[in-house]
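The values are calculated or read from the model by the stated rules, or taken from the named source; none is laboratory data. Quick caveat: nothing in here was measured; it's all calculated off a predicted structure. Glycine also receives a Cβ, built like all others from the backbone with ideal geometry; neighbour counts cover every protein chain displayed.
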Amino acid sequence: MRSPDIAILGGGIGGLATAAFLHRAGLPCTVYEQASELKELGAGLVVAPNAARLLRRLGVLDVFLRRAVELEVGWEFRRWEDGTILSAENLTTECVRLYGEQTYTAHRADLLDVIKSAVPDGTVRLGRRAVELRHDGDRPVLLFEDGERVEPDVLIGADGVHSVVRRSLAGSAPARVSGLSAFRALVPAERAPSFARRPAQTLWIGPDHHLVHYPISAGAFVNLVAVAPAGEYSVESWTATATVEELLTEFDGWDPRLRALIRAAGVPGRWALLDRLPLRQWSRGTVTLLGDAAHPMFPFFGQGAAQAIEDAAVLAGCLAEDVTDPARALRRYEQLRLPRTTRLQEVSHGRSHINHLPDGPDQEARDKSFTEADPLVANGWIYGYDPEVEMSA
């Protein structure tokens, strides 16, 4: 039985995870990446149990742990003006007890590297910038900047929020302005205060702002992600930058310890958080979307990369189980994944309001609720998810 000719557009975490899971299922593919080398921009991310479970299945978790940081504390909420701890979760024992895996933090580049190690040599073609997707009957035709045409049996668009494939399937409706922008920065561990070097994921919350920090790169750096009002800022790019002074201004009046951490940071990146409604459909025939191309989400649950890896596992499984009818396999993939990713898009969207309440009765009620809540249990629908169980249901 001939395997379908599978093309993946995009060599980021989602695209390479798809190639890795396809290889695991015995299905060859080709990845087309526009960059001249495989690398991840940005900085840190959280690898929760639902993603760690899949790295283990790919056989790369042990290598990943050489550079990752195993969190002992998570969901540590602190009050903006004085750092009062409102709640904290013990992850050391509870993650494994509840979900069979730990929670880690890592540099995005380290995660990309370990996933790449599960992809056979020769799978990725670099320097391939796609400009258009056409159709020749039922067959997709991908056109590249240099005039090359690729006509695969199956095309997977893992090419991010500005996806060429998404534009062809869902049109080019502009994203909505959310009113928020995000900053990211790295602080060398030797310059970071001791409270920020702990193996903890900490969220400082206050009026109209919040800031998250945790160690990455085997503890060599502390990763910062801050969310603030966007004002007139509208650039959605991983390469755009700000200044430390701009980031400090956003947190004027906050706890001096947090401001000291910001002062120690390198040049911050900055990007606008643009709002995209969930798609009702992301597959057509033998073309589909994956990761941010399908379901871009705000970063407030730290699930962007994890959902792309889940997509990859389910998509590979669907194609492997229905290799003679790829269009039917892609419909099943969409049916399995769309409800979950839509729900995550929606809850991520709502989190900014909760984190950014001004001081007052609503904020006091929120802070009180933190002492009564158990987010590790409450988010079990996220962390306990297993694609193989989902597909066998």
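So here's what we get for this one:
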{"quantity": "Residue within region 77-96 that is crowded, with 20+ Cβ neighbours inside 10 Å, of a type in the set (S, T, N, Q) and more than 18 Å from LEU22 (Cβ to Cβ) present", "calculated": "no"}
{"quantity": "Failed item, numbered, when ASP367 is tested on (1) within 30 Å of VAL227 (Cβ to Cβ); (2) surrounded by fewer than 16 Cβ atoms within 10 Å (Cβ to Cβ); (3) among the acidic types (Asp, Glu)", "calculated": "(2)"}
{"quantity": "Condition met for GLY10 (closer than 26 Å to LEU155 by Cβ, surrounded by fewer than 16 Cβ atoms within 10 Å (Cβ to Cβ), modelled with pLDDT of 95 or more and not hydrophobic (A, V, I, L, M, F, W, C))", "calculated": "no"}
{"quantity": "Test: ASP292 is crowded, with 23+ Cβ neighbours inside 10 Å and at pLDDT below 95", "calculated": "yes"}
{"quantity": "Subset tally (residues that are farther than 12 Å from THR18 by Cα and among the acidic types (Asp, Glu)) for region 303-323", "calculated": "2"}
{"quantity": "In region 130-165, the residues that are assigned to a loop (DSSP other than H, G, I, E, B) and either crowded, with 20+ Cβ neighbours inside 10 Å or in contact with an Asp or Glu (Cβ under 9 Å, 6 or more places away or on another chain) (or both)", "calculated": "GLU151, PRO152, ASP153, ALA158, ASP159, GLY160, VAL161, HIS162, SER163"}
{"quantity": "Some residue of region 360-369 being of a type in the set (Ser, Thr, Tyr) and modelled with pLDDT of 95 or more", "calculated": "no"}
{"quantity": "From ALA189, ALA182, ALA175, residue being of a type outside the set (Ser, Thr, Tyr) and over 23 Å from the mean Cα position of the chain (by Cα)", "calculated": "ALA189"}
{"quantity": "Qualifying positions in region 335-355 - surrounded by 21 or more Cβ atoms within 10 Å (Cβ to Cβ) and among the charged types (D, E, K, R)", "calculated": "ARG337"}
{"quantity": "Criterion violated by ILE6 - all others in (1) among the aliphatic types (A, V, I, L, M); (2) touching a helix residue (DSSP H, G or I) at 6+ places or on another chain (Cβ under 7 Å); (3) closer than 20 Å to ASP110 by Cβ satisfied", "calculated": "(3)"}
{"quantity": "Tabulated pairs, region 81-96, first free of Cβ contacts under 8 Å to residues at least 24 places away in the same chain, second polar (S, T, N, Q), C-beta under 7 angstrom, 6+ apart or interchain", "calculated": "VAL96/GLN102"}
{"quantity": "Of residues in region 297-333 being without any contact (Cβ under 8 Å) to a residue 12 or more places away in the chain and outside any helix (DSSP H, G or I), the one surrounded by the fewest Cβ atoms within 10 Å (Cβ to Cβ)", "calculated": "ASP325"}
{"quantity": "2 or more residues touching a Lys or Arg at 6+ places or on another chain (Cβ under 7 Å): qualifying strands (runs of 3 or more DSSP E) within region 177-294", "calculated": "200-206, 221-229, 269-275"}
{"quantity": "From TRP204, TRP238, residue being out of contact with any Cys (no Cβ under 8 Å at 6 or more places or on another chain) and buried (at least 23 other Cβ atoms within 10 Å of the Cβ)", "calculated": "TRP204"}
{"quantity": "Count of region 168-202 residues which are of a type outside the set (A, V, I, L, M, F, W, C) and under 28 Å from PRO229 (Cα atoms)", "calculated": "13"}
{"quantity": "Flag if GLY127 is under 15 Å from LEU9 (Cβ atoms), in a loop (DSSP other than H, G, I, E, B) and out of contact with any helix residue (DSSP H, G or I) (no Cβ under 8 Å at 6 or more places or on another chain)", "calculated": "yes"}
{"quantity": "Subset tally (residues that are buried (at least 21 other Cβ atoms within 10 Å of the Cβ) and among the polar types (S, T, N, Q)) for region 268-286", "calculated": "2"}
{"quantity": "Looking only at region 1-27, and only at residues there that are over 23 Å from the mean Cα position of the chain (by Cα) and in contact (Cβ under 8 Å) with a residue 60 or more places away in the chain, the one that is farthest from HIS162 (Cα to Cα)", "calculated": "MET1"}
{"quantity": "Set VAL141, VAL119, VAL150, VAL161: member being more than 21 Å from the chain's Cα centre (by Cα) and in contact (Cβ under 8 Å) with a residue 40 or more places away in the chain", "calculated": "VAL150"}
{"quantity": "Hits in region 173-216 (condition: of a type in the set (S, T, N, Q) and closer than 19 Å to GLY302 by Cα)", "calculated": "SER178, SER181, GLN201, THR202"}
